Amino acid sequence: MTKKTKATATEDEPTRIGDSIRRLMPGATAVLLLLAVAGGTVLGLPAAGTGPADDPTSGATDAEAADDVNVTVEIDCDESAVLVTAPDDAEYGLSVVNVGPSGTSTSTAKRAPLAGNATVTVDDADIVYAFVTDALTGEPITSAVAQCVEEPRTETTDGPSIAVDCNESAVRFTAPDAVAYTARVSSVDVSPTGASTGTVSGTVTGNATVPIGDELIVALASTDDADDPIVAIRDCGRTAGDERSPAAEPCSSDSSDS
């Protein structure tokens, strides 16, 4: 499936992707709390995870347009490339963050200063974020995000199912009372400087709930007899406020695949 996104630059309204960044403290150990409650289990959301990776590798939400800036960024999943279109005399920085489909691996590539059109290849493009930044201050001008991995399945016929509810700030695992499975939720904060990941996981039986924040969420459930886990991916940071609905961000909403 071809997924292309374009964003038009603005100097007045920085991207919302990194609004909740800095809440996860890199280097600390993720904490898992299992609390018995009526109707299921609550998994405490992560205290922290790994910091951004700097090895060079190289969606969709548009930024608002500014009349005096003409810069666009496009993510082409088919070509595994990030394309920036800009005037020859417009200097800017470009930061590309690639998040693995499990949510636990990230890589960041940065280039500055650039001028005019530019192309960055994204190796093994998974969930790609592209930030065009001010060449002097490093502040975001415009951004785009695309989920280039295949849309994962989020439910099984006789096992667990996953729903990411950004409105209620929760991931809900649903399963028969007798079914035991491993539940894992990774919360990824992404900004032009990189990504910070926190993860919780545990073995649960029946229903379970994980509280989440406004980040990229990757939830996984697997059973011992299943060949592949089921996965739900949703970027709650891109559906904040009045835009919070599964239909608002098609590249971030939950979906199923057989």
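If I filter the range 88-101 for residues that are closer than 25 Å to V231 by Cβ and in a loop (DSSP other than H, G, I, E, B), do I get at least one hit?
yes
Is it the case that the range 162-182 has a residue that's assigned to a loop (DSSP other than H, G, I, E, B), in contact with a Cys (Cβ under 8 Å, 6 or more places away or on another chain) and open to solvent by 10 Å² or more (accessible area, probe 1.4 Å)?
For the range 162-182, residues assigned to a loop (DSSP other than H, G, I, E, B), in contact with a Cys (Cβ under 8 Å, 6 or more places away or on another chain) and open to solvent by 10 Å² or more (accessible area, probe 1.4 Å): present.
Every residue in the range 133-161 that is over 20 Å from S102 (Cβ atoms), of a type in the set (G, A, S) and part of a loop (DSSP other than H, G, I, E, B), please.
Once the filter is applied, which keeps residues that are over 20 Å from S102 (Cβ atoms), of a type in the set (G, A, S) and part of a loop (DSSP other than H, G, I, E, B), the range 133-161 yields A135, G138.
At pLDDT below 95 and closer than 21 Å to D124 by Cβ, is that true of S245?
no
Would you check which residues across the range 100-151 are among the polar types (S, T, N, Q) and open to solvent by 50 Å² or more (accessible area, probe 1.4 Å) and list them?
T104, S105, N117, T119, T121, T137
The values are calculated or read from the model by the stated rules, or taken from the named source; none is laboratory data. The structure presented is a predicted model; accordingly, all values stated were derived computationally and were not measured. As a convention, Cβ positions derive from the backbone with ideal geometry for all residues, glycine included, and neighbour counts pool all protein chains shown. We work out accessible area using only protein heavy atoms, side chains counted, and drop any ligands, DNA or RNA first. Shrake-Rupley method; radii C 1.70, N 1.55, O 1.52, S 1.80 Å.
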